[in-house]
1. For region 92-113, name all the residues that are touching a strand residue (DSSP E or B) at 6+ places or on another chain (Cβ under 7 Å) and assigned to a loop (DSSP other than H, G, I, E, B).
2. Looking only at region 104-113, count how many residues are crowded, with 19+ Cβ neighbours inside 10 Å and either without any contact (Cβ under 8 Å) to a residue 40 or more places away in the chain or closer than 16 Å to His77 by Cβ (or both).
3. Restricting to region 146-171, name every residue that is in contact (Cβ under 8 Å) with a residue 24 or more places away in the chain and aliphatic (A, V, I, L, M).
4. Quick check on this structure: which one of Asp275, Asp285, Asp225 is surrounded by 17 or more Cβ atoms within 10 Å (Cβ to Cβ) and at pLDDT below 95?
5. Of the residues Glu174, Glu143, Glu116, Glu130, which single one is in contact (Cβ under 8 Å) with a residue 24 or more places away in the chain, of a type in the set (D, E, K, R), surrounded by 14 or more Cβ atoms within 10 Å (Cβ to Cβ) and in contact with a strand residue (DSSP E or B) (Cβ under 9 Å, 6 or more places away or on another chain)?
6. Please determine whether any residue of region 117-130 is aliphatic (A, V, I, L, M), within 20 Å of the chain's Cα centre (by Cα) and either in the same structural domain as Phe230 (by TED's automatic domain parsing) or at pLDDT 95 or above (or both).
7. In the set His395, His308, which member is touching a strand residue (DSSP E or B) at 6+ places or on another chain (Cβ under 9 Å) and exposed (fewer than 15 other Cβ atoms within 10 Å of the Cβ)?
8. Which of the residues belonging to region 83-103 are aliphatic (A, V, I, L, M) and touching a residue at least 40 places away in the same chain (Cβ under 8 Å)?
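The values are calculated or read from the model by the stated rules, or taken from the named source; none is laboratory data. Every value quoted in this text rests on a predicted model; they were computed, and no experiment measured them. With ideal geometry, Cβ positions are generated from the backbone for all residues, glycine too; neighbour counts draw on all protein chains shown.
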Amino acid sequence: MNPIAPDKQIALVDRLTEACGGGYSPDVRRRYFITGPQWAPAYQGQAVFHAPVRPPVTFETVIEEYAKMGVNYWCTHDTDVIPTQDLFTPRQDEIVARIKASLSKNGLKCSMVTTETFHHAVWAAGPAAESPDVRAYTQRRLENTVGIGHELGAQYCVYWPGSLGYYTQGAIDETQTLRWYADGINAACEADIHIAKQYKRPPLKHCLEAKPFEPQAEILLPTSDAMLAFIFSGLVRYPEMVGLNPEYLHELMWGGAPRASLARALLCGKLFHFDINDGYRLKHDVDIAVGLVNPLDWLNVLVLLRAHNYEGPFNLDYKPPRTTSAHAVFSMSLPTSIDRFITLWEMAGEVSSDPIIREATDALKAGGAVSDPKDVGSIVEANKELLSLHELIGHRIFQILIGAHRGRTYSL
C-alpha cells in the first residue's frame with residue numbers, strides 16, 4: 001500500500017469504521033442509561049509522561065456530539081467546565097446557564113456532577129488535610145457542586161478521594177483524616193437536604209468511587225469494600241444517602257474481580273452508579289474503552305447486573321487513546337465503545353435465558369441424590385459429576401460471546 005496522504009486519512013478511518021458494521025442507531029442507543037462525561041472526549045492525551053495530542057473542546061461541542069450519537073445524559077466535574085477561580089462568582093452562574101441552555105437545545109439531561117478534589121494545588125495534602133482552611137474550602141466546594149447538580153437537574157453526585165492518603169508513612173493520622181473526610185461528606189449531604197427542598201426535588205444519590213493506586217502513594221479508601229466499611233462506620237451521618245460508584249478498572253487494578261466487588265455492593269444495597277471502561281490487572285489507570293481487553297469478564301459482569309435488575313447509570317469513564325485523533329474521538333472511539341457495551345448487555349440477556357446454562361445451573365442447585373446425608377463420602381459421591389458443569393457453563397458463555405451457539409465455526 002502506498003503512503004496515505006494526510007487529507008485522505010479521515011476518509012479512510014471513517015470508511016473502515018463503517019465497514020466494521022455492528023453499530024447501532026442513535027435511537028437504539030438512547031434506550032440505555034448510558035451517560036457521557038465531559039472529561040472523556042475532552043481528554044487531550046496528557047498525563048505524567050504524556051504531552052497533549054488533541055486540541056481542547058468545549059462543553060457545547062461535547063453535548064452536541066453526544067446528542068448526535070444517541071447519548072441521553074451528560075456529566076461533569078465542576079472544574080471541567082468552570083475554571084477554579086470562577087467558582088462561587090457570578091461567572092459560575094453564567095456558565096451553568098450556558099450548560100443548561102446547551103443541554104436543552106440538544107435534548108440531553110445532566111445525570112451526575114462531581115467535585116475535582118485532586119488536581120489543584122490546594123489539594124496537595126488531600127481534601128481532608130490538616131489545615132482547617134483547606135477542609136473548610138473542601139466543604140464549600142462539595143456544597144457548591146451539590147447546588148450546581150440541582151440547578152442542572154442531576155440525580156447523582158460522585159466523590160473520588162484519590163488524594164486522600166499520604167506519600168510518607170507517619171505523616172498523617174489515618175483515623176483522624178478519615179473523620180475529617182466524613183465531615184466533608186456529611187456537609188455535602190446536609191447541604192443537599194436543604195437545597196433539594198428549595199428546588200422541590202429529591203436529594204441526590206451520593207456515590208463514593210474507590211481507586212487502589214494514584215495519585216497518592218498510599219490511599220486510605222482504596223477499594224469498594226473499604227468504601228462500604230466507611231459508609232457503615234458510623235462516621236457518615238446520612239448512610240442512607242451514600243452508596244458506591246465502582247469503576248470497572250479500579251476494581252481490576254488491585255487484582256480483584258470486578259464482578260465480585262459489584263456483588264458485595266449489591267448485597268449491601270449500595271450499587272448506585274457504575275463507571276465502565278477496561279484495562280489490566282496490577283497496572284496503572286489506562287481507562288481503555290469497554291470490552292477491548294476483557295470482553296468475557298465484561299459479559300459476566302453484565303450477566304450479574306441483569307440478574308439483580310441494576311437500573312443505574314453506565315458512565316463512559318474512559319480516555320480515548322493518545323493515538324486517536326480529535327475527529328475519531330467522536331466519529332469512532334465513543335460510538336464504538338457504546339456499541340460494544342450494548343452488544344455485551346444484550347449478550348448477557350442471552351446468557352441469562354440460555355437453556356443449557358439454565359439447566360446446568362438448576363442441576364447444580366438441586367444437587368445429587370445423596371444416599372446418606374450424614375456421611376461426607378456419600379455427599380462427595382452424589383455431587384462429583386455435577387461439579388463438571390462449572391466448566392461447561394464457562395464454555396457455554398464463551399460460545400455465546402463468539403457466536404458459536406449460533407453456528408459460527410471455522411473450516412480447517
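1. Of region 92-113, the ones touching a strand residue (DSSP E or B) at 6+ places or on another chain (Cβ under 7 Å) are 103, 108-113.
Once the filter is applied, which keeps residues that are touching a strand residue (DSSP E or B) at 6+ places or on another chain (Cβ under 7 Å) and assigned to a loop (DSSP other than H, G, I, E, B), region 92-113 yields only Leu108.
2. First pass over region 104-113, keeping only residues crowded, with 19+ Cβ neighbours inside 10 Å: 108, 110-113.
In the following step, the residues that additionally are either without any contact (Cβ under 8 Å) to a residue 40 or more places away in the chain or closer than 16 Å to His77 by Cβ (or both) were identified as 110-113.
So the answer is 4.
3. Those that are in contact (Cβ under 8 Å) with a residue 24 or more places away in the chain and aliphatic (A, V, I, L, M): Val146, Ile148, Leu152, Ala154, Val158, Leu164.
4. Working: Asp275 fails: at pLDDT below 95; Asp225 fails: at pLDDT below 95.
Result of the check over Asp275, Asp285, Asp225: Asp285.
5. Glu116
6. The answer is no, given that none of the residues of region 117-130 is aliphatic (A, V, I, L, M), within 20 Å of the chain's Cα centre (by Cα) and either in the same structural domain as Phe230 (by TED's automatic domain parsing) or at pLDDT 95 or above (or both).
7. His308
8. Scanning region 83-103 gives Leu87, Val96, Ile99, Leu103.
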